[in-house]
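Trainee: After the structure tokens below, expect a handful of questions from me.
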Amino acid sequence: MLEPTDRTTLLGVPVTAPARTIVDTAPALTREQLERRVNLADSLDLIDPDALGTEVRRMRGQRGAGRVRALIDEYTFRLTDSELEQRFLRLLHPTGLPVPLTQRDVNSFRTDFVWPTLGLVVEADSLRYHRTVAQQQRDHLRDQTHLARGLLPLRFTHHQITYAAPYVRRTVAAVIERHDLRSRFEGSAPPRS
């Protein structure tokens, strides 16, 4: 039975509300598909993860609610704009680094990943958003601005993240060690071998 908050209208047509739609479809989706659906709903301003969490708690016992709740838990869910960024977070997990902040404004630029205490910014560059001359110039300006303000920018391509995960892990670890960034973060777990 649908509660009144589970219903809305779109162009005069009755539909289920975004939270209810996400919960109802969750059992049929992989974790990555579900994460992408939550990200898409947020990017379209249909519902943000905090509001979704409130709605999911209200739907306790509803099939799919537990999967959505587990996803949006602050320790397992990070807001990303793309599947590539989700893939980067998954490949980074075994390194033992603290989980980065995602989609934050830093130096007037939206960043994919930032570790403020490490002074490190990482961008996941898909061809879709980084192929034109104007986009590439903005990327260079972003990196130069971060460097000038004491942050270390690092970029990885779609190909590297998708097909060279060990290389990406080694590079992130080497950059942190080389620049002695690891000593700048407090209270995080040491890296795993």
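Each reported figure results from applying straightforward, stated rules to the coordinates on display, with no laboratory input. Everything numeric in this text was worked out from a predicted model, so none of it was measured. For neighbour counting, all protein chains shown are included, and Cβ atoms are generated from backbone atoms with ideal geometry for every residue, glycine included.
Trainee: Using amide H atoms built in the peptide plane, which far-off residues or other-chain residues are under 5 Å from Leu120 H to H?
Mentor: Trp115, Leu152
Trainee: Within the stretch 11-106, report the chymotrypsin sites (Phe, Trp or Tyr not before Pro) that DSSP leaves as loop and that have at most 13 other Cβ atoms within 10 Å.
Mentor: Tyr75
Trainee: Test of understanding: given the chain, find the longest segment containing no GluC sites (Glu not before Pro) that are in a DSSP loop and have at most 13 other Cβ atoms within 10 Å.
Mentor: Working: sites that count: Glu74, Glu186.
Result for the longest clean stretch: 75-185.
Trainee: Could you give each residue of the stretch 12-18 its phi-based ³J(HN,Hα) in whole Hz, using Karplus coefficients 6.51, -1.76, 1.60 with θ = phi - 60°, and x for Gly or Pro?
Mentor: Each residue's phi maps through the Karplus curve to give x, 9, x, 9, 6, 5, x Hz.
Trainee: Let me know the longest stretch in the chain that avoids all trypsin sites (Lys or Arg not before Pro) found in a DSSP loop with at most 13 other C-beta atoms within 10 Å. Present the calculation step by step, with values, prior to reporting the outcome.
Mentor: Numbers: sites that count: Arg60, Arg63, Arg131, Arg149, Arg192.
So the longest stretch without any such site is 64-130.
Trainee: Moving to a separate point now. At Ala174 and Thr25, where each label point lies 7 Å from the Cα along Cα→Cβ, what is the point-to-point distance in nanometres?
Mentor: Result for the modelled spin labels: 4.1 nm.
Trainee: Using only Cα atoms, find the angle between the long axis of helix 49-58 and the longest principal axis of the chain, and express it within 0 to 90 degrees, rounded to the nearest 10.
Mentor: Once rounded, the angle reads 40 degrees.
Trainee: While we're here: If you average the sequence gap of Cα pairs under 8 Å that are 6 or more apart and divide by the length of the stretch 83-136, what percent do you get for the contact order? List each step's numbers first, then the result.
Mentor: Details: 43 pairs, mean separation 12.8, N = 54.
Once normalised by length, the contact order is 24 percent.
Trainee: Compute the relative contact order of the stretch 83-184 as a whole-number percentage, counting only Cα pairs closer than 8 Å that sit 6 or more residues apart in sequence. The partial results should precede the final answer.
Mentor: Numbers: 104 pairs, mean separation 28.4, N = 102.
For the stretch 83-184, the relative contact order is 28 percent.
Trainee: Can you tell me the dipole magnitude for the stretch 1-63 around its Cα centre, using point charges on the Cβ only (Lys, Arg +1; Asp, Glu -1), in Debye to the nearest 20?
Mentor: On the way: 9 positive and 10 negative charges, 58 e Å.
Charge dipole, the stretch 1-63, about its Cα centre: 280 debye, nearest 20.
Trainee: Report D for the stretch 83-184 in µm² per second (integer): Stokes-Einstein, Kirkwood Rh on Cα pairs, 4 °C, 1.567 mPa s. Show your work: numbers first, answer last.
Mentor: Working: Rh = 13.9 Å.
Estimated diffusion coefficient is 93 µm²/s.
Trainee: Testing the spin-label approximation: label points 7 Å from Cα along Cα→Cβ at His93 and Arg57. State their distance in nm.
Mentor: Using points 7 Å along Cα→Cβ, the separation is 2.5 nm.
Trainee: What list of ³J(HN,Hα) values in whole Hz, one per residue of the stretch 86-100 in order, does the Karplus curve 6.51 cos²θ - 1.76 cosθ + 1.60 (θ = phi - 60°) give from phi, with Gly and Pro shown as x?
Mentor: Using θ = phi - 60°, the values come out as 4, 4, 4, 4, 5, 6, 7, 3, x, 6, x, 5, x, 5, x Hz.
Trainee: What residues have an amide H closer than 5 Å to that of Val106, excluding those fewer than 5 places away on the same chain, when H is modeled at 1.01 Å from N in the peptide plane?
Mentor: Residues meeting the amide H criterion: Thr111.
Trainee: What is the sum of charges around Arg7, taking Lys and Arg as +1, Asp and Glu as -1, for the other residues whose C-beta is under 13 Å from the C-beta of Arg7?
Mentor: Numbers: positive: Arg20; negative: Glu3, Asp6, Asp24, Glu55.
Net of charged neighbours comes to -3.
Trainee: Then there is this: Would you kindly state how much longer the chain becomes between Glu3 and Arg155 on full extension, computed as 0.36 nm times their sequence separation minus their alpha carbon distance, in nm to one decimal?
Mentor: Details: separation 152, 0.36 × 152 = 54.72 nm, distance 4.59 nm.
Result: 50.1 nm gained on full extension.
Trainee: On to the next question. Separation between the Tyr167 and Asp48 pseudo-spin-labels, each 7 Å from Cα along Cα→Cβ, expressed in nm?
Mentor: If labels sit at Tyr167 and Asp48, their model points lie 3.8 nm apart.
Trainee: Compactness ratio of the chain: Cα Rg over 2.2 N^0.38 Å, N = residue count? Walk me through the numbers before you get to the answer.
Mentor: Working: Rg = 19.0 Å, N = 193, 2.2 N^0.38 = 16.3 Å.
Compared with the compact-globule rule of thumb, the chain sits at 1.17.
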